[in-house]
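A quick write-up on the structure given underneath.
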Amino acid sequence: MILQRRILVALVIVLLASVASYITLGQYFSRQEASQTQKRAVFFAQTIDDALRRLNHLPFVIAQNPVVAQALETKDGTALNPLLKTFASRANASQVFLMDLNGKTLSASNYQTPESFIGNFYTFRPYFRDALEGKTGQLFAIGVTTGEPGYFVSEPVRNAQGTIIGVVVVKIDLGNLARSWQASGERILVTNSESVVLLASKESDQFRTLAPLSEEALREMADFRLFGDRPLLPLDWQVQDDGRVTLNGADHILAQASIEQENWTVHLLTSLSGIRQRTALAVVGILAVLFAIILAVTGFRSARLKQALAKSDADRMRLTREVNVRRVAETRLKAAKDELARSSRLAALGQLSASITHELGQPIAAMRNYLTAQELAEGAAPGSVNKQLTGLVDRMENINNQLRFFATPRIGENAEFDLRSAADAAVELVSHGVNPENTSLEKKYSKDPVPVSANKQRVEQVLVNLLRNAIDAVADQDLRRIIIEAGRENGHGRFHAFVRVTDTGPGLEGRTLAELQEPFMTTKSSGQGMGLGLAISSQIASDLNGTIEADAPPEGGARFTLTLPLSQNPTEKPDE
């Protein structure tokens, strides 16, 4: 009887705790989700605003083109059609078209399509009237000809005397935004001042209304033919007192944000069903923990009866662990001694380089991100906002990259691979620094595989350094050509694998390879290199039982060759 009463009391306590936990966690998750939803709403509003502003300048730029004014004066836009098509394609605009003062379309980018605007009149559109008044016209509407919605931006076209003689219009397709929202799973509505849904993540919500429309608003939309024959039916939308909203019978957390470019509002909805599910799972987790604690207490009682045996087992396990720890320590000590013997000559420099790259890496990346963000915000070309600061960041990055390369420890064990694949990987890593318009990077590999047994990553490090040196060497030359070869050849009575990098730079300038391999020996200008690359590359090649050789070819420039032992001695002759 007493046991049953205890069980009943425990169940009541668990039930009350579950209800309290569900209410508390539900409120917490709701507040947390509301905060996150508001932040996302502001982000989506900024994204839409950026999309609307993206091509605001394009109608003005096109209007300045003398070919546009000539088409209006001659009333013939035939010659202008291909140009407008090019403008639309390059700017990723939906359509670009030109109208005269009567609203007749003389030229259009879609002149070759069945839905061509040419010959159509759009005098009823507000953006046409705004442009005739010398203002920039902006309007979201469904296309009368194509039936596709879009955002229209217009600018007046003036002649040499400054008189308005026509209107240029650019149509921007915002459908990609809605499709990206749908793919992300967000429920988003974008409404105008009349509460008409212009964009929506769910296609069935578009061109619906959140509130009844006035007669004046309906009449204005009909006069301007903003939404074609869409019925503009109302959504089942009810805003509650606590800031939540009910849409089609489902409760949501509502966050709103305004769009600066237009008097539009972004409505971001987060379903409460997901929050309730998270709350229920959390309560289940709490209950599981409680039951686990109960089981643990019960198990503790039974464990006391086996304390003697457990102590014996613990002692045995402790001794076993101590033996294992000692074995691991001995293995690590031996590995540490081997590593110290291998890198004793460069250990101090490696530690210094690692410290510097660790301390400077994040600040340099932050400076680069700041410059990039400023360039994107101003629409400027890379490196044009603050050339002096960009140059300083480039110099610091070059120095840091040299130090990072120098500080990289040996990674992994030797394995057999095709030396041509390592050469391809190195080319891929440095390709971003090669301008294909003025620099030629050619690959000449043997047709047969070039098998070697080595640490592939360290081989790639050597090749990356040789290629970077070649890129820097040809930077100031009229002829900028780099050739990387990979194959097998006979040297010193046996075949070996090789990778050869040849450039058309200034050459070795009378220096020997031994001089170039000295640490901090560099021919580059201040800030462009630390003079560590060849020193480390030679050490890596030596560790892999290979060599690095340098010579000056007769035609000029420099030629560096990395040789490695073949993993198998081929019987056939190497490729000539």
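Details
- Residues being in contact with a Phe, Trp or Tyr (Cβ under 8 Å, 6 or more places away or on another chain) and either outside any loop (DSSP other than H, G, I, E, B) or touching a residue at least 60 places away in the same chain (Cβ under 8 Å) (or both) - total across segment 106-121: 2
- Any hit, segment 142-157, residues being buried (at least 16 other Cβ atoms within 10 Å of the Cβ), more than 30 Å from E194 (Cα to Cα) and in contact (Cβ under 8 Å) with a residue 60 or more places away in the chain: yes
- Any hit, segment 485-497, residues being surrounded by fewer than 18 Cβ atoms within 10 Å (Cβ to Cβ), of a type in the set (D, E, K, R), closer than 18 Å to T439 by Cα and at pLDDT 85 or above: no
- V284 being closer than 30 Å to H252 by Cα, part of a helix (DSSP H, G or I), modelled with pLDDT under 85 and of a type in the set (V, I, T): yes
- All conditions in (1) of a type in the set (V, I, T); (2) surrounded by 17 or more Cβ atoms within 10 Å (Cβ to Cβ); (3) over 39 Å from the mean Cα position of the chain (by Cα) hold for V96, with the sole exception of (3).
- Flag for Q38 being of a type outside the set (G, A, S) and buried (at least 16 other Cβ atoms within 10 Å of the Cβ): yes
- When the residues of segment 203-251 are filtered to those that are at pLDDT below 90 and of a type in the set (S, T, Y), the one that is farthest from N192 (Cα to Cα) is T246.
- Sole residue being of a type in the set (S, T, N, Q), in the same structural domain as V169 (by TED's automatic domain parsing) and over 19 Å from F121 (Cα atoms), chosen from N81, N102, N65: N65
- Scope segment 176-205; condition touching a residue at least 40 places away in the same chain (Cβ under 8 Å) and not β-branched (V, I, T); matching residues: L177, W181, E186, R187, L189, N192, S193, L198, L199
- Within segment 28-44, not a single residue is in a helix (DSSP H, G or I), in contact with a Gly (Cβ under 7 Å, 6 or more places away or on another chain) and modelled with pLDDT of 85 or more.
- Within segment 114-141, the set of residues being among the charged types (D, E, K, R) and either surrounded by fewer than 16 Cβ atoms within 10 Å (Cβ to Cβ) or modelled with pLDDT under 90 (or both) comprises E115, E133, K135.
- Highlighted here would be strands (runs of 3 or more DSSP E) found entirely within segment 178-245 that include at least 2 residues which are assigned by TED's automatic domain parsing to the domain that holds G143, but there are none.
The values are calculated or read from the model by the stated rules, or taken from the named source; none is laboratory data. None of the values given here were measured: they were computed from a predicted structure. A quick note on method: Cβ atoms are made from the backbone with ideal geometry, for glycine too, and the neighbour counts reach across all protein chains shown.
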